[in-house]
Amino acid sequence: MDNRSREVEDLTAQTLDPDFWNDPKRAEAIQRKLGANNNWLNDYAALAREVDDLEGLFEFQKEGMATEEEVDAQYAKAESILADAEFRSTLNQKEDVMNAVLTINAGAGGTEACDWSAMLLRMYRMWAEKAGFKVIDLFEQDGDAAGIKSASIEIRGDYAYGWLKGENGVHRLVRISPFNAQGKRQTSFSSVFVYPLIEDDSIEIVVNPDDIRWDVFRASGAGGQHVNRTESAVRVTHIPTGIVAECQQDRSQHRNRDIAMTLLKSRLYELEMRKRQAEKDKIEAGKSKIEWGSQIRSYVLDDRWVKDLRSGYKIHNPDSILNGDLDPFLKAYLMWERNPTGVVEEED
């Protein structure tokens, strides 16, 4: 908290500079950082007050001036605020506060996998809206018969990436297929990839123009109907890494190119983060490495359960999860990541 207080003083001094708004991007980044630090300081002060009240009430109870029930109620209140603060302290990386880009790709399985991808897209949209985030459509490719083959959305809001960073990997669905006349049990897979959207000038990503290839095509799918008469959608490929970024959000091809380049730089930044994390994981015993392509969660609809294969967290109400109530899984993963040897309780 002392470090945050000093940083608030420094950032506040910068905002008082008469030339502060001459660089709007830098100014907005400073304002976001200032707001985040102030939120932490205010939350810490609130927690300290609750603990002080608890200690005072406990003294009153020993003197017969307060009941045990009142002490228990205050203890529960302070404990709840502390647990929330401990969880949010897991979001302590520089990129955690950033907006997020979430991409879903259907795995093998044809129509089933495409339908499952559409269900996942709906789940993340509903979670984001409930959390107060803004969702922006970037790209969507329809499935041949139903659902989607792939889609990308931007989720805007403080700590959007921090909340979602554990969703990277393969999501497995088991259900009685609505597309099978014989009513057989079907297993489908879709991959989810989340990365932070780099818009802060303090993080510089250099892309050699000779290392990229541009393609243009007609937009399709939800969010692209108003522009599908012209080749306004764009695809940029980073040749050395094979990373591809696509955008069909805007009517303007020029604007879509700008957005696609921002997405590409964000992907390259995320790739570098994963390389550094891989180096750390080599020397961290007992912590399993989360890599692109690994299965992370199973959704079994006929048996009525959803389980995260990393944290071990499991619930028996898949409908609530698919309707966007993801917070228990997101929190369980982040707490597990902080202490991978800890035990995560299942929820009835």
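The values are calculated or read from the model by the stated rules, or taken from the named source; none is laboratory data. Note that the coordinates shown come from a computational prediction; the quantities given were computed from them, not determined experimentally. Because the Cβ atoms are built from the backbone with ideal geometry, glycine has one as well, and the counts that use them run over all protein chains shown.
On the given criteria, is Y299 in a helix (DSSP H, G or I) and modelled with pLDDT of 90 or more? Don't jump to the end; show me each part of the working.
On the way: in a helix (DSSP H, G or I): no; modelled with pLDDT of 90 or more: yes.
Here the answer is no, as Y299 does not meet what is asked.
Sort out which residues of region 244-275 are among the hydrophobic types (A, V, I, L, M, F, W, C), assigned to a helix (DSSP H, G or I) and more than 15 Å from S232 (Cβ to Cβ), and write them in order of number. Lay out the reasoning, then the answer.
If we filter region 244-275 for residues that are among the hydrophobic types (A, V, I, L, M, F, W, C), which is where we start, we get 244-245, 247, 259-261, 263-264, 268, 271, 273.
Filter once more, keeping what is assigned to a helix (DSSP H, G or I): 259-261, 263-264, 268, 271, 273.
Matches in region 244-275: M261, L263, L264, L268, L271, M273.
Considering only residues of region 142-155 that are surrounded by fewer than 17 Cβ atoms within 10 Å (Cβ to Cβ) and either touching a Lys or Arg at 6+ places or on another chain (Cβ under 8 Å) or among the small types (G, A, S) (or both), which is nearest to L121 (Cα to Cα)?
Going through region 142-155, the residues surrounded by fewer than 17 Cβ atoms within 10 Å (Cβ to Cβ) turn out to be 144-146.
Next cut, either touching a Lys or Arg at 6+ places or on another chain (Cβ under 8 Å) or among the small types (G, A, S) (or both) only: 145-146.
On the way: A145: 17, A146: 13 Å.
Among those residues, the one meeting the criterion is A146.
If the requirement is being touching a Cys at 6+ places or on another chain (Cβ under 7 Å) and at pLDDT below 90, which of these qualifies: I290, I283, I259?
I259
Of the conditions (1) closer than 30 Å to S190 by Cα; (2) in contact (Cβ under 8 Å) with a residue 24 or more places away in the chain, N92 fails just one. Which one is it?
For N92, the exception is condition (2).
Given (1) assigned to a strand (DSSP E or B); (2) small (G, A, S); (3) more than 27 Å from D308 (Cβ to Cβ), identify the lone condition not met by G183.
(1)
One line per residue, one yes/no per condition, for (1) in contact with a strand residue (DSSP E or B) (Cβ under 7 Å, 6 or more places away or on another chain); (2) in a helix (DSSP H, G or I):
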position	(1), (2)
D96	no, yes
I104	yes, no
M119	no, yes
I136	yes, no
Q141	yes, no
A146	no, no
D158	no, no
G166	no, yes
L173	yes, no
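Check whether at least one residue in region 104-121 is free of Cβ contacts under 8 Å to residues at least 40 places away in the same chain and aliphatic (A, V, I, L, M), and report yes or no.
Yes, region 104-121 contains at least one residue that is free of Cβ contacts under 8 Å to residues at least 40 places away in the same chain and aliphatic (A, V, I, L, M).
Taking V234 as the residue in question, decide whether it is outside the structural domain of L121 (by TED's automatic domain parsing), within 26 Å of V97 (Cα to Cα) and modelled with pLDDT of 85 or more.
Details: outside the structural domain of L121 (by TED's automatic domain parsing): yes; within 26 Å of V97 (Cα to Cα): no; modelled with pLDDT of 85 or more: yes.
Considered against the rule, which asks whether it is outside the structural domain of L121 (by TED's automatic domain parsing), within 26 Å of V97 (Cα to Cα) and modelled with pLDDT of 85 or more, V234 comes out as no.
Look through L11, L57 and report the one residue that is closer than 26 Å to S80 by Cα, in the same structural domain as S80 (by TED's automatic domain parsing) and in a helix (DSSP H, G or I).
Just a single option satisfies the conditions, and that option is L57.
Given the conditions (1) outside the structural domain of A160 (by TED's automatic domain parsing); (2) charged (D, E, K, R); (3) within 22 Å of T262 (Cβ to Cβ), report the number of the one that E50 does not fulfil.
Here E50 meets the rest and fails (3).
Is it true that some residue in region 74-93 is over 30 Å from E167 (Cα atoms), out of contact with any helix residue (DSSP H, G or I) (no Cβ under 9 Å at 6 or more places or on another chain), outside the structural domain of L330 (by TED's automatic domain parsing) and assigned to a helix (DSSP H, G or I)?
yes
Can you find, within region 124-140, the residue that is modelled with the lowest pLDDT among those that are of a type in the set (A, V, I, L, M) and farther than 10 Å from I155 by Cβ?
Here the answer is L138.
Only one of M98, M119 is within 14 Å of the chain's Cα centre (by Cα) and either surrounded by fewer than 17 Cβ atoms within 10 Å (Cβ to Cβ) or closer than 18 Å to L164 by Cβ (or both). Can you tell me which? Before you say what the answer is, go through the steps one by one.
Numbers: M119 fails: within 14 Å of the chain's Cα centre (by Cα).
Step by step, each of M98, M119 is checked, and only M98 is within 14 Å of the chain's Cα centre (by Cα) and either surrounded by fewer than 17 Cβ atoms within 10 Å (Cβ to Cβ) or closer than 18 Å to L164 by Cβ (or both).
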